[in-house]
Amino acid sequence: LAQHGASLDTLYRKVYHRRASLVVVETGDGDIFGAFAASPWAVSNSFYGTGECFVFTCYPKFEHFPWKGHNAMFMFSNDSMLAMGGGGGFAFGLNADLSRGTSARCLTFENSRCLTKRSEFDVVNCEVWEFVPKV
């Protein structure tokens, strides 16, 4: 957030139709979680992505939640939000100015709980790393 600002518009300009990426979010409560986005991010009003996508928590405990095969609700990103997972709720969703988010159990990754302490949270930091081919 500090380097490129806090907006989905900027995020999309930086990663739009590029490569797979790793999204990592830190909350005001100290939670650190994220996702591997196997497909390039794109503005869309429907889910997309592949079964290689997964979500995870890093702090306070590392947990990995891969695709469970129940649905194909991997990645969702439009002008007002970016989200991973679906079916019962998003594993996580971030608002347009990347200041707030939500987390819930979702069928896609069968995360047994929210990825954060609270289902609604403040975003302190959000980083996206792009995977590039070895040169």
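Using the Cα centre of the range 8-130 as the reference point, and only Cβ charges (+1 on K/R, -1 on D/E), how large is the resulting charge dipole? Debye, rounded to the nearest 20.
So the dipole magnitude of the range 8-130 works out to roughly 240 debye.
What translational diffusion coefficient, to the nearest whole µm²/s, does the chain have by Stokes-Einstein, given a Kirkwood radius computed over alpha-carbon pairs, a temperature of 25 °C and 0.890 mPa s viscosity?
So the translational diffusion coefficient is about 169 µm²/s.
Hey, what number do you get for the chain at 222 nm if only DSSP H runs of n ≥ 4 count, each worth -39500 (n - 2.57), divided across all residues, to the nearest 500? Kindly include the intermediate steps, with their values, before the conclusion.
Values: 1 runs with 8 residues, N = 135.
Taken over the chain, the calculation gives -1500 deg cm²/dmol.
For the pair residue 119/residue 72, report the inter-label distance in nm, with labels modelled 7 Å from Cα in the Cβ direction.
Each label point lies 7 Å from its Cα, and together they span 2.9 nm.
Take the Cα coordinates of the range 48-121, assign each an equal point scatterer, and use the Debye formula without solvent to give log10 I(q)/I(0) at q = 0.11, 0.12, 0.15, 0.17 Å⁻¹.
With one equal scatterer per Cα and no solvent, log10 I(q)/I(0) is -0.23, -0.28, -0.44, -0.57.
Below 12 angstrom from the Cβ of residue 29, what's the summed charge of the other residues (Lys, Arg +1; Asp, Glu -1)?
Combined, the nearby Lys, Arg, Asp and Glu give -2.
Of 92, 69, 36, which is farthest on the positive side of the dipole of the chain, counting Cα position, with +1 on Lys and Arg Cβ, -1 on Asp and Glu Cβ, and the Cα centre as origin?
Comparing the listed Cα positions along the dipole, 69 ranks first.
Among 12, 48, 59, which one shows the biggest mean-square fluctuation in a GNM of the chain, springs joining Cα atoms closer than 10 Å?
59
So how strong a dipole does the range 58-127 carry about its Cα centre when Lys and Arg Cβ are +1 and Asp and Glu Cβ are -1, to the nearest 20 debye?
That gives the range 58-127 a dipole magnitude of about 340 debye.
Under 25 Å between alpha carbons, and skipping anything fewer than 8 positions from residue 134 in its own chain: which lysines qualify?
14
Since every read-out is calculated from the coordinates, none of them should be taken as a lab result. All values derive from a computational prediction rather than experimental measurement. Heads up, the Cβs are rebuilt from the backbone with ideal geometry, glycines too, and the neighbour counts pull from every protein chain shown.
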